[in-house]
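Chemist: Here's a structure for you.
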Amino acid sequence: MTSMFAIRRPVAEDVAAMARLQVRSWQETYRGTVPDSVLDDPEFVSRRERMWTSLITDPRYSTSTIAVAERHGEMIGLASSGPSMGEHTEPALQLYTLYVRSTDHGSGAGAALLEAVLDEHPAQLWVADPNPRAQAFYRKHGFNFDGIAQVDDGIRELRMVRSAAS
């Protein structure tokens, strides 16, 4: 496998591929943690398509940053960030999503996507627990657990914070 890929901003025509990539990533990562009825719901992809369409085209989300990674015209990863949400608003920037096809783990696409949507800014994120691979990836990129946990959509999540890019 070649590690050459391009990072770019998505356009509306990318929505279907983004939705399929996100759902596939959830199915690969969360099977056994998230109920199969959620992961295999026939409407899962179409709901993600509607979400990504809104995030890309609706001016209300203009403060969000979205990037996709592709190789030879095929999407291999995506990431998004924006203003911190919920009761924990510091740091003010939050990584919302970062998904890379499992066959492209270790290719550098995840790190490039992280850089594309966060740059060197302090940021926070919520990572599923357990998800040791993702947790190790974020630690490698300067994020540390701050002791705050939550349950969102039935998934236990831990907050990680980066005060500055490492």
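Chemist: Using the Kirkwood radius over Cα pairs, work out the Stokes-Einstein diffusion coefficient for segment 62-136 at 25 °C and 0.890 mPa s, in µm²/s as a whole number. Don't jump to the answer; show the numbers that get you there.
Modeler: Numbers: Rh = 13.0 Å.
After rounding, the answer is 189 µm²/s.
Chemist: Which GluC sites (Glu not before Pro) in segment 43-143 pass both tests, a DSSP loop state and at most 10 other beta-carbon atoms within 10 Å?
Modeler: Values: sites: 43, 49, 70, 74, 87, 115, 120; in loops: 43, 87, 120.
Listed in order of number, the matching sites are 43, 87.
Chemist: At 1.4 Å probe size, with the rest of the protein present, what percent of the exposed accessible area of segment 104-153 is carbon and sulfur atoms?
Modeler: With neighbouring chains kept in place, the figure for segment 104-153 is 50 percent.
Chemist: Tell me the per residue accessible area of segment 1-135 using a 1.4 Å probe; a whole number in Å² is fine. Walk me through the numbers before you get to the answer.
Modeler: Working: 6910 Å² over 135 residues.
Spelled out: the 1.4 Å probe surface of segment 1-135, per residue, equals 51 Å².
Chemist: If the chain between residue 9 and residue 102 were fully stretched, how many nm would it gain, using 0.36 nm times the residue separation less the Cα-Cα distance? Each step should come with its number before you reach the end.
Modeler: On the way: separation 93, 0.36 × 93 = 33.48 nm, distance 2.13 nm.
My answer for the length gained is 31.3 nm.
Chemist: Find how much the distance from residue 20 to residue 115 grows on full extension, using 0.36 nm per residue of separation minus their present alpha carbon separation; answer in nm with one decimal.
Modeler: Numbers: separation 95, 0.36 × 95 = 34.20 nm, distance 2.28 nm.
Working it through step by step, the gained length comes to 31.9 nm.
Chemist: Tell me whether the chain comes out rounded, prolate or oblate; compute the Cα gyration tensor, take square roots of the eigenvalues as a ≥ b ≥ c, and use a/c under 1.5 as the rounded threshold. All intermediate terms of the calculation are to be shown ahead of the outcome.
Modeler: Values: a/c = 1.26, a/b = 1.13, b/c = 1.11.
Rounded is the answer for the chain, as its axis ratio a/c remains below 1.5.
The values are calculated or read from the model by the stated rules, or taken from the named source; none is laboratory data. All values derive from a computational prediction rather than experimental measurement. With ideal geometry, Cβ positions are generated from the backbone for all residues, glycine too; neighbour counts draw on all protein chains shown. Heavy atoms of the whole protein, side chains included, go into the accessibility calculation; ligands, DNA and RNA do not. Shrake-Rupley method; radii C 1.70, N 1.55, O 1.52, S 1.80 Å.
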